[in-house]
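What follows is a single structure, written as structure tokens, with notes after it.
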Amino acid sequence: MRLRLLAVGKAPRWVEEGFAQYAQRLPADCSLQLTVVSPRRGQSDEDRLLAEVRPGETAVVFDRRGRTVSSEDMAELLAAWRQSGRNVALLVGGVAGFDEQARGQADHVLSLSAMTLPHLLTRVVVAEQVYRAWSILRGHPYHLAQAGS
């Protein structure tokens, strides 16, 4: 299974490095790649992101109005996505988030927090949570070691 995090616009180096720290820890059979989508005049960020979802991919939108999930819930979702045999597109919106129509086009609408997170920081948080979910499924000590920190 391949996961692609789709996000709009270039990020500062600290965001790229944070994302890479977690993405490189994942094995090849659960790879996470970043796809940066350029903003376009006349097309909203959400439409641009949704247009990048490939046929057959599970579309997951991260939006503060989505279903809040725990790390364990994320691990269950990751396991289900792997079982389905489908690749996954993880969509992080711009500053305005996703409207109701865009959320309706997604297979899952998830919230990382009841707090509003900066969309650039969300790239790092999603990568970390994917790695944490993988570590939970593998019984890797990362989850427990970090949870107590």
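Just a few scattered comments:
- Mean projection of the Cα convex hull over all viewing directions, computed for the chain: 8.7 nm².
- GNM flexibility winner over the chain from 80, 59, 133 (Cα, springs under 10 Å): 80
- Whole-percent carbon and sulfur share, accessible surface of the chain, 1.4 Å: 49 percent
- Excluding ligands, DNA and RNA, the accessible surface per residue across the chain is 53 Å² with a 1.4 Å probe.
- Rounded to 10°, Cα long-axis angle of helix 13-23 versus longest principal axis of the chain: 50 degrees
- Taking amide H as placed 1.01 Å from N in the peptide plane, residue 91 has its amide H under 5 Å from the amide H of 6, 60, 61, 62, each at least 5 places away in sequence or on another chain.
- Taking a ≥ b ≥ c as the square roots of the Cα gyration tensor eigenvalues, the stretch 72-139 comes out oblate, since a/c reaches at least 1.5 and a/b does not exceed b/c.
- Accessible surface of residue 71 - all protein chains present, 1.4 Å probe, nearest 10 Å²: 20 Å²
- DSSP beta bridges fully contained in the chain are about 5 percent antiparallel.
- Projected area averaged over orientations for the stretch 38-122, convex hull of C-alpha atoms, nm²: 5.8 nm²
- Among the trypsin sites (Lys or Arg not before Pro) in the stretch 13-64, those placed in a DSSP loop whose Cβ has at most 13 other Cβ atoms within 10 Å are 41.
- Rounded tilt (10° steps) of 119-138 against the dominant C-alpha axis of the chain: 30 degrees
- With helices as the sole contributors, the chain gives -13000 deg cm²/dmol at 222 nm; each DSSP H run of n ≥ 4 counts as -39500 (n - 2.57), and the sum is divided by every residue.
- Accessible area per residue was computed with a 1.4 Å probe on protein heavy atoms; residue 17 scores about 100 Å².
The values are calculated or read from the model by the stated rules, or taken from the named source; none is laboratory data. The structure displayed is predicted, hence computed values, not measured ones. Quick reminder, even Gly has a Cβ in these numbers, built from the backbone with ideal geometry, and neighbours come from all protein chains shown. Surface areas here come from the heavy atoms of the whole protein model, side chains and all, with no ligands, DNA or RNA. Shrake-Rupley method; radii C 1.70, N 1.55, O 1.52, S 1.80 Å.
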